[in-house]
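Student: Questions regarding the structure given below will be posed in turn.
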Amino acid sequence: MGKTLSSDVRLALRDIYYHERTGRGKEAFALLEKASAAGDGDATCILARCLCGYQYVWAGHGFPEDDGRATALLHKSVKQGSALGVLVALRSGELTAEAEAQMPFANLQEAFDEVLGMAQDGEAFCQYVVGNAYFWWDFIRIQGKDAGAFPSPGAYRAYLKENIQKCEDWFWKALRGGIYFAANNLNRYYTKGDEDIIAPRPEKAKGIWKIGAEYGHPLHQSIYAEELEEEGRKEEALRWFKAAAEGGQPGAWYDVGRCYFDGIGTLKDEAYAVRCFEKGIPSGHTGSYNLLGKAYFYGRGVEVDYKKAFELLSFAYGKGSTWGVYYLGKCCFEGMGTIQDYGKARAYLEQMKWDNDDAFYMLGYIYGRGLAVPMDIPKAVSYLHKAGEYEQAKEELRHYKKTLFGNWVRRR
């Protein structure tokens, strides 16, 4: 038997990647830190990936993101003799000439062969790494070949195709072994193909997210639920959103909540929706803040509380979401839950990219009366006309008339 991963690394991989919904990610992270400090290069490599953000590790673990430390750990793993570390550093663009000189392998092929051996023995993370080496063309550097090593462009193209397509089988093995990330690359491989070498086969991508969902991966359960909702299978979608939420997928409680808030795939239950949004708050999901703010604004499932509504919607706005600018503008315009401020009201309302009669009325009122902005009667009238049959806008329009010269002025 060739090289195998240590029991600590295998345990950590189980809780971080293979069965992430168990909630033992932080314990696994601590185990990796301890093993890395004791000289386990594979542990150091996996620890580095844990610090690289949601593109490399499940966001539900809540691991810190630290690119600088991750890079240092990858270099350390190479120096500690981890073949995995060598390939992951290569894939990450961090296998510098200095780092490569420190690895205890004669060449990259030797490191690859060690990982390949573990992949062939059934180690899912290694299967994923091998698949990536083919998928991202790292095999060219590993094998030390380029176009110049072949007698013709056609021969080089055949070499590329032969190697690239090996990723498919390795990604399927990795996915079935528990690495949900493998599905991401499989989906891309099938839907995008690879330049003009591998043709897209989008029909083969159908069902990938369902497989991952059935394996219990919260991220895939959420993606599959979105697919089902788009297909109109709303009751099934809600069931998978719930599974994802219970498994810890960030944002999934928001999806469960909005379904109950508006009666999508279920009977409307605004009080339960509010509880779902509250569960989504700790993850910082802006959708939960927005809809919980809307609930407090209208008193849907909770008592009306404009102050809470304004605070929740302001948090989401501060995170880059403009979904709630109407409510924020309304609060500032009326002084509900915050100090009345026509300047802020206008700033919020003018960010709206959708029609809203009340918003048009408020903007018309602000410009027509010159509130925290230079008076602009033509602009005011334009907004008020946009509000159509909105009663307050019609009433405000009565304060304006058109002169003989076609100009709008305020009635005296």
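Student: Just for the stretch 230-258: of the residues that are touching a Phe, Trp or Tyr at 6+ places or on another chain (Cβ under 7 Å) and open to solvent by less than 10 Å² (accessible area, probe 1.4 Å), which one is farthest from N290 (Cα to Cα)?
Tutor: My answer is A245.
Student: State yes or no: is A225 part of a helix (DSSP H, G or I), under 29 Å from Q165 (Cβ atoms), at pLDDT 95 or above and among the small types (G, A, S)?
Tutor: When the stated conditions are applied, A225 does not pass them.
Student: So I211 ticks every box in (1) without any contact (Cβ under 8 Å) to a residue 12 or more places away in the chain; (2) under 24 Å from P250 (Cβ atoms) but one. Which box is left unticked?
Tutor: (1)
Student: Please go through the stretch 252-273 and give me each residue that is part of a loop (DSSP other than H, G, I, E, B) and either of a type in the set (S, T, Y) or more than 14 Å from A237 (Cβ to Cβ) (or both), ordered by number.
Tutor: T266, L267, K268, D269
Student: Please verify whether the stretch 397-409 includes one or more residues that are open to solvent by 70 Å² or more (accessible area, probe 1.4 Å), among the β-branched types (V, I, T) and without any contact (Cβ under 8 Å) to a residue 24 or more places away in the chain.
Tutor: Within the stretch 397-409, none of the residues are open to solvent by 70 Å² or more (accessible area, probe 1.4 Å), among the β-branched types (V, I, T) and without any contact (Cβ under 8 Å) to a residue 24 or more places away in the chain.
Student: Can you go through R176, R141 and tell me which one is within 30 Å of R14 (Cβ to Cβ) and open to solvent by 60 Å² or more (accessible area, probe 1.4 Å)?
Tutor: It is R176.
Student: Hey, does the stretch 318-327 have a residue that's of a type outside the set (D, E, K, R), buried (at least 22 other Cβ atoms within 10 Å of the Cβ) and not in a helix (DSSP H, G or I)?
Tutor: yes
Student: Moving on. Give all pairs with beta carbons closer than 9 Å in which a residue from the stretch 304-316 that is within 16 Å of E270 (Cβ to Cβ) meets a residue that is open to solvent by less than 50 Å² (accessible area, probe 1.4 Å) and assigned to a loop (DSSP other than H, G, I, E, B); count only pairs at least 6 apart in sequence or on separate chains.
Tutor: D305/G299; D305/G337; K308/V302; K308/G337; A309/G324; A309/M336; A309/G337; L312/G324
Student: To continue, here is another question. Quick one: in the stretch 12-38, of everything that is basic (K, R) and in a helix (DSSP H, G or I), which residue is farthest from the chain's Cα centre (by Cα)?
Tutor: Result: K34.
Student: Next question. Identify, please: which residue in the stretch 274-307 is of a type in the set (A, V, I, L, M, F, W, C) and assigned to a helix (DSSP H, G or I) and is, among those, nearest to P250 (Cα to Cα)?
Tutor: I281
Student: Still on this model: Of everything in the stretch 11-39, what is touching a residue at least 60 places away in the same chain (Cβ under 8 Å) and loosely packed, with under 15 Cβ neighbours inside 10 Å? Give them in sequence order.
Tutor: Within the stretch 11-39, G23 is the sole residue that qualifies.
Student: Here is a further query. Which of the residues spanning the stretch 278-329 are among the small types (G, A, S) and farther than 25 Å from D355 by Cα?
Tutor: If the condition is that a residue be among the small types (G, A, S) and farther than 25 Å from D355 by Cα, then G280, S283, G284, G301 are the ones that fit.
Student: Please go through the stretch 55-87 and give me each residue that is in contact with a Gly (Cβ under 9 Å, 6 or more places away or on another chain) and assigned to a loop (DSSP other than H, G, I, E, B), ordered by number.
Tutor: V57, W58, G62, F63, E65, Q80, G81, S82
Student: Looking at (1) farther than 30 Å from P282 by Cβ; (2) touching a residue at least 12 places away in the same chain (Cβ under 8 Å); (3) part of a loop (DSSP other than H, G, I, E, B), which is the only condition G93 fails?
Tutor: It is condition (2) that G93 fails.
Student: Of the residues K294, K210, only one is of a type in the set (D, E, K, R) and within 24 Å of G177 (Cα to Cα); which?
Tutor: K210
Student: Residue by residue through the stretch 333-371, note down the ones that are aliphatic (A, V, I, L, M), more than 34 Å from the chain's Cα centre (by Cα) and open to solvent by less than 50 Å² (accessible area, probe 1.4 Å).
Tutor: Result: M362, L363, I366, L371.
Student: I've got another one for you. When you look at L160, is it more than 31 Å from the chain's Cα centre (by Cα), open to solvent by less than 20 Å² (accessible area, probe 1.4 Å) and at pLDDT 95 or above, yes or no?
Tutor: Taking the combined requirement at face value, the residue satisfies it.
Student: Checking C276 against (1) open to solvent by 40 Å² or more (accessible area, probe 1.4 Å); (2) under 23 Å from the mean Cα position of the chain (by Cα), only one condition comes out false. Which one?
Tutor: Single failed check for C276: (1).
Student: From A133, A59, A119, which residue is touching a residue at least 12 places away in the same chain (Cβ under 8 Å), open to solvent by less than 50 Å² (accessible area, probe 1.4 Å) and either out of contact with any Cys (no Cβ under 6 Å at 6 or more places or on another chain) or over 18 Å from A182 (Cα atoms) (or both)?
Tutor: A133
Student: Can you report the number of residues in the stretch 179-219 which are acidic (D, E) and closer than 28 Å to A12 by Cα?
Tutor: Here the count works out to 1.
Student: Of all residues being modelled with pLDDT of 95 or more and not in a helix (DSSP H, G or I) in the stretch 195-215, which is surrounded by the fewest Cβ atoms within 10 Å (Cβ to Cβ)? Just the residue, please.
Tutor: In this case the residue turns out to be A199.
The values are calculated or read from the model by the stated rules, or taken from the named source; none is laboratory data. For clarity, every value in this text was computed on a predicted model and none was experimentally measured. No Cβ is skipped: glycine too gets one built from the backbone with ideal geometry, and neighbour counts run over all protein chains shown. Heads up: the accessible areas ignore ligands, DNA and RNA and are worked out on the full protein's heavy atoms, side chains in. Shrake-Rupley method; radii C 1.70, N 1.55, O 1.52, S 1.80 Å.
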